[in-house]
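Input: a single structure, listed below in structure tokens.
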Amino acid sequence: MKIYTKTGDLGETSLIGGVRVKKSNIRIDAYGTVDELNSWIGVIRNIDVLNNPLIFQNIQDLLFTVGSHLASHPEKGRMKLPEILESDIVLLENEIDKMELELAPLSNFVLPGSSTENGFCHVARTVCRRAERCTVELALNESVEPIVIRYLNRLSDYLFVLSRYITLKQNGNDIPWLHK
């Protein structure tokens, strides 16, 4: 597989199914943002206080699946894509529930950055929210499986709770937002 093809040199790319679109197309923005998110998950998976690298590999695998769904033309993409299952969302919910058992309840908003690692989770969370917004916008005009949006929504929740969990495991404290 050749890395450079020169077929995108004029600002277009191909979707799964062969349809050419501008690289500024919302579909490209959506799966490009998912790709960016996947890179941030790659950073997070190496945080020392976390002892569950399989969850992060699962998330990264699922993000590739999400990206393939977003990269597929809704009418002409005939390739059989891996499925996103309800159990994938339940896995995130179960992980959130496990972490929350150890966390103090929130009484106010918290600021990102109680540690570098906490900040990485918040950056990933905001990139995830952007991917979700792009996907919702795409769904206004084209077919998008609702489970894609649900997965991204739950993943952003997971990343928020993970940021707090990392702070706990580092014996730190959440930074409360103290409005003036």
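The values are calculated or read from the model by the stated rules, or taken from the named source; none is laboratory data. This is a predicted model, so every value here is computed, not measured. When we count neighbours, we look across all protein chains shown, and the Cβ atoms used for this are built from the backbone with ideal geometry, even at glycine.
Go through Leu37, Leu63, Leu54 for me and flag whichever is at pLDDT 80 or above, under 30 Å from Thr167 (Cβ atoms), over 13 Å from the mean Cα position of the chain (by Cα) and not hydroxyl-bearing (Ser, Thr, Tyr). Break it down into steps so the answer makes sense when it comes.
On the way: Leu37 fails: over 13 Å from the mean Cα position of the chain (by Cα); Leu63 fails: over 13 Å from the mean Cα position of the chain (by Cα).
Residue meeting the stated conditions: Leu54.
Output the residue which, of all residues in the stretch 130-145 that are of a type outside the set (A, V, I, L, M, F, W, C) and outside any helix (DSSP H, G or I), is farthest from His69 (Cα to Cα).
Within the stretch 130-145, the match that is farthest from His69 (Cα to Cα) is Glu142.
Scan the stretch 23-32 and tell me whether some residue there is under 19 Å from Cys121 (Cα atoms) and not aromatic (Phe, Trp, Tyr).
Yes, there is a match, as at least one residue in the stretch 23-32 is under 19 Å from Cys121 (Cα atoms) and not aromatic (Phe, Trp, Tyr).
Give me a count of the residues in the stretch 85-118 that are surrounded by fewer than 16 Cβ atoms within 10 Å (Cβ to Cβ), in contact (Cβ under 8 Å) with a residue 12 or more places away in the chain and in a helix (DSSP H, G or I).
Total meeting the criteria: 4.
Which is exposed (fewer than 13 other Cβ atoms within 10 Å of the Cβ) and part of a helix (DSSP H, G or I), of Leu37, Leu54?
So the residue among Leu37, Leu54 that is exposed (fewer than 13 other Cβ atoms within 10 Å of the Cβ) and part of a helix (DSSP H, G or I) is Leu54.
I want to confirm something. Restricting to the stretch 156-180 and keeping residues that are buried (at least 22 other Cβ atoms within 10 Å of the Cβ) and hydrophobic (A, V, I, L, M, F, W, C), which single residue is nearest to Asp88 (Cα to Cα)?
So, considering only residues that are buried (at least 22 other Cβ atoms within 10 Å of the Cβ) and hydrophobic (A, V, I, L, M, F, W, C), the one nearest to Asp88 (Cα to Cα) is Leu159.
Restricting the stretch 120-148 to residues that are among the hydroxyl-bearing types (Ser, Thr, Tyr) and either out of contact with any helix residue (DSSP H, G or I) (no Cβ under 6 Å at 6 or more places or on another chain) or free of Cβ contacts under 8 Å to residues at least 24 places away in the same chain (or both), which is nearest to Tyr165 (Cα to Cα)? So that I can check it myself, show each step before the final result.
Filtering the stretch 120-148 down to residues among the hydroxyl-bearing types (Ser, Thr, Tyr) leaves 126, 135, 143.
Still in the running and either out of contact with any helix residue (DSSP H, G or I) (no Cβ under 6 Å at 6 or more places or on another chain) or free of Cβ contacts under 8 Å to residues at least 24 places away in the same chain (or both): 126, 143.
Values: Thr126: 17, Ser143: 36 Å.
Among those residues, the one meeting the criterion is Thr126.
This table checks each residue for (1) within 18 Å of Val34 (Cβ to Cβ); (2) not in a helix (DSSP H, G or I).
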residue	(1), (2)
Cys128	yes, no
Ile147	yes, no
Leu168	no, no
Lys180	no, yes
